[in-house]
Structure formats: C-alpha cells, structure tokens
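See structure below.
Bear in mind these aren't lab numbers, they're just calculated from the coordinates by the rules spelled out. In this text, all values refer to a predicted model and were calculated from it rather than measured experimentally. Here the Cβ positions follow ideal geometry from the backbone for every residue, glycine too, while neighbour counts run over all protein chains shown.
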Amino acid sequence: MNRMMQVPHLRNHYSNLVMQFLKEQVENINTDMSILDIGCGHMRNLKLFELLGFKELHALDIDPTDNPLDVKYKTFTQHNIINRLPYKDKSFDIVLCNYVLMFIEPEYMQEVVADIFRVSRNYVILETARRKDFNTKTTNYTNYNFEEIVRFVPTDFEIIKQRNYREKLIARRLYG
Ligand SMILES: C[S@@+](CC[C@H](N)C(=O)[O-])C[C@H]1O[C@@H](n2cnc3c(N)ncnc32)[C@H](O)[C@@H]1O
C-alpha cells in the first residue's frame with residue numbers, strides 16, 4: 001500500500017470540507033449529480049456521497065485501490081494527474097481533490113489545477129495540508145504553495161469558500 005494512504009483518519013473519517021460543502025449547498029445539489037474524486041485514496045469521501053444516495057461515483061488515483069470501504073463506484077482510473085485527465089471538459093458535477101496537490105511539483109501545478117477545473121461542470125472542492133498538520137512522516141511533499149493554487153483557479157469559477165491558513169477552497173462554475 002502507498003505510504004500516502006496509511007494515515008488512519010483518511011480511511012475512517014470524512015473530510016470536514018466535504019461535510020461543510022454538503023451542508024451549505026444542500027439546496028443546490030441532488031443525488032443525480034456525478035462526482036469525480038481525484039487522488040481518491042481509500043475513497044472515504046466517495047463513501048460519504050454513496051451513503052447519501054449519490055450513484056454516479058468516479059475515482060482516479062495514481063495507485064490502484066483495494067477499495068477497503070467497498071464503495072460502489074462506476075469507474076476507477078489509474079492515472080498520474082501531472083498528465084491531462086482522461087475526461088472531456090465539464091464531465092462531472094462535483095470534483096473533489098482532497099490532500100493530493102501537496103504531492104505535485106510546483107512546475108506542474110498551474111496545468112494540473114486548470115485541468116481539475118476543466119473537468120468540473122459545477123463545483124470543485126480542493127484542500128491541501130502542511131506536513132505538520134497532517135501528522136505524517138510522508139516524505140513526498142513538494143514545495144507547493146496553496147495561495148498559488150488559489151491564483152490558478154480559472155476565471156470562469158467563483159470561489160465560494162476560501163481558507164488560506166487551513167488550505168481549503170470550494171469553487172463554483174459561473175457560466176453553464
Ligand atoms: C493523502 S492521500 C488523500 C486521499 C483522499 N483524497 C482522501 O482525502 O482521503 C493522497 C492520494 O493522492 C494520490 N496521488 C498522489 N499523487 C498523485 C498523482 N500525481 N496523480 C494521482 N494521484 C496522486 C495518492 O496515491 C493518494 O491516494
């Protein structure tokens with residue numbers, strides 16, 4: 001198993017940011033919406049959407065998954081996100097990218113961020129964490145910069161939640 005996936009809370013708990021999103025956007029979302037989880041790990045966040053009744057669940061990770069939470073996903077794609085995502089523009093209603101971009105070298109970051117937003121029809125939920133906050137000895141952290149990630153958000157999205165010090169961001173597409 002990849003060392004990046006050994007942190008217990010990533011298996012057992014949902015992302016607070018995803019929980020906040022669901023609470024705050026409950027009147028704007030519905031279970032017909034499709035979800036893509038980029039860098040899905042153990043798919044804990046897809047599990048949350050599944051439990052809420054979402055069925056169009058799609059996962060992508062650089063590593064294969066053993067799917068320990070038995071998520072009923074529609075597709076799993078093994079892919080390195082420094083290469084263009086293998087989806088058409090606006091393929092998914094909600095795109096998650098939780099605790100992945102801190103492993104992306106800064107030279108790739110602008111293109112990777114643009115690509116994450118490209119495949120979203122509506123929402124992007126994105127978070128990173130400093131190694132000290134993450135309580136892990138993982139050594140794959142790059143010299144990424146969250147504020148730079150925020151600057152790379154395309155102009156056809158509005159940021160509806162931003163916490164620079166906690167490295168969290170939710171954005172919504174402005175024009176259909
Ligand atoms: C810390 S885990 C987070 C997993 C999940 N998003 C979550 O919040 O529970 C980071 C995940 O990103 C994946 N990952 C790291 N670099 C990647 C890359 N270049 N392309 C795709 N996935 C990547 C790892 O394999 C791992 O599953």
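Using only side-chain charges placed at the Cβ, +1 for Lys and Arg and -1 for Asp and Glu, the dipole size of the chain relative to its Cα centre rounds to 340 debye. Ranked for footprinting exposure by Cβ neighbours inside 10 Å, fewest first, Lys168, Lys161 give Lys161, Lys168. Peptides 23-31, 117-125, 73-81 ranked from most to least packed give 117-125, 73-81, 23-31, packing being the mean of other C-beta atoms within 10 angstrom over each peptide's residues. Here the Gaussian network model covers the chain, with springs between Cα atoms less than 10 Å apart; of Pro154, Pro68, Pro106, Pro68 fluctuates the most. Placing a label point 7 Å from the Cα of Asp63 along the Cα-to-Cβ line, the residues of segment 75-89 whose backbone N sits under 16 Å from it are 77-81. Of the residues Met33, Met19, Met43, the one with the fewest other Cβ atoms within 10 Å heads the list, and the complete ranking is Met19, Met33, Met43.
You can think of it this way: the chain between Lys161 and Thr75 has 28.1 nm of extra reach, that is 0.36 nm per residue less the Cα-Cα gap.
Ranked by how many other Cβ atoms sit within 10 Å of their own Cβ, fewest first, the residues Asp70, Asp115, Asp61, Asp37 fall in the order Asp70, Asp115, Asp61, Asp37. Rounded to the nearest 500, the 222 nm mean residue ellipticity of the chain from helices alone is -6500 deg cm²/dmol, with -39,500 (n - 2.57) taken per DSSP H run of at least 4 residues. Across segment 38-176, the mean sequence separation of Cα contacts (distance under 8 Å, 6 or more residues apart), normalised by length, yields a relative contact order of 20 percent.
Quick one: grab the alpha carbon gyration tensor of the chain, order the square roots of its eigenvalues as a ≥ b ≥ c, and give me rounded if a/c is under 1.5, else prolate or oblate depending on whether a/b is larger than b/c. Rounded. With a Förster radius of 41 Å applied to the beta-carbon distance between Gln20 and Ile82, the computed FRET efficiency rounds to 0.90. Lysine pair count for the chain with Cα-Cα distance under 14 Å and sequence separation of 8 or more or different chains is 6.
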